[in-house]
Amino acid sequence: MGRRRIEDVLEILESGDLGEIDGVAENAREFYERPEEAEESGVGWSILADWMLRAYKTGGFNSVIVYGKQGAGKSVYAIKVVYDLLRRLGVVPASSNSSIVFKRYMVFSASHFIGKIKNARGARLPAVIWDDAGVHGGSYLFFTDVFLAKALGDLFRVARTRVANIIFTTPSPRDLLKPFRSYDTIIVYVHEMDEVWSRAHIYKMRLLPSGDVRVQKKAMEDFRRRLRTYQDYIKVRDKYVDEAIEALEELMLVKYAERALKRAKLFERAARLGSDRGLGAWFVAQDQGYSQDD
């Protein structure tokens with residue numbers, strides 16, 4: 001109980017079955033539960049923010065994966081936790097609102113993430129949230145842009161010198177690049193409780209020398225999915241979604257152009273062989289090989 005192969009743990013996490021998830025976790029000696037009333041103050045309510053504050057002050061580092069179904073409140077939870085952290089640090093005044101989080105500490109794309117870490121010189125950032133990280137930092141990236149995938153993995157390994165806490169939000173931990181989910185990680189499963197409240201179940205996953213992982217359930221905390229600045233957040237997010245769509249369209253055009261060029265070269269090489277019969281047989285064989293490579 002509590003020690004499993006990482007692939008098995010990720011599969012169980014992806015199921016979203018709270019009974020199964022708790023079944024692979026050990027209850028920690030100290031277990032924290034914050035009631036929903038604690039969230040009302042907006043500051044000092046989050047257990048996760050406690051740990052993030054400690055990491056920032058002691059030179060530590062936390063990698064946090066917040067996951068759950070669409071609409072469960074993953075992004076809202078991440079924003080509220082980081083806002084709580086910033087308030088405790090005195091980075092933002094009590095008169096401010098949570099819009100500072102998604103304007104200064106939240107990223108939505110790979111290039112945005114790289115730029116945020118690169119520009120964090122001098123003083124470490126308290127936290128960075130990569131929202132919907134599976135979109136640009138997904139496991140499929142190794143098949144579409146292996147250079148970017150490796151660069152992101154390398155950057156993540158040294159990011160602790162620039163940022164104390166990185167939060168990834170995603171529908172499933174398995175959607176993320178392997179480096180993002182292969183080390184000591186805080187896993188937060190978020191689900192709806194009713195029309196207003198959601199609950200965050202907080203686990204710590206530790207990689208053992210054997211290659212197995214040890215999972216401990218550490219805490220639970222409740223929060224409202226309502227965010228006063230939600231419409232502002234949507235505007236910022238949509239801006240980056242539009243950029244992501246444009247980048248995807250450009251990538252598709254490049255791929256189509258590469259495919260057309262390759263086919264044109266096949267025709268040209270086949271034509272030099274001579275006879276129509278030889279051309280047809282050669283082209284079919286080459287085209288089949290090309291399709292297998294696609």
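Read-outs throughout are calculated quantities, based only on the coordinates presented, and are distinct from any laboratory measurement. In this text the structure is predicted, and so the values were computed from the model without any measurement.
Quick notes on this structure:
- In order along segment 187-200, the phi-based Karplus estimate (6.51 cos²θ - 1.76 cosθ + 1.60, θ = phi - 60°) of 3J(HN,Hα) comes to 9, 10, 9, 10, 9, 6, 9, 7, 5, 10, 9, 10, 10, 10 Hz; Gly and Pro are listed as x.
- Amide H contacts of TRP130: VAL107, ILE167, PHE168, THR169, each under 5 Å away and 5 or more positions distant or on a separate chain (H built 1.01 Å from N in the peptide plane; Pro and chain starts excluded).
- Structure note, pairs LYS74/LYS204; LYS69/LYS239; LYS57/LYS103; LYS80/LYS116; LYS57/LYS235: Cα-Cα distances above 25 angstrom occur for LYS57/LYS235.
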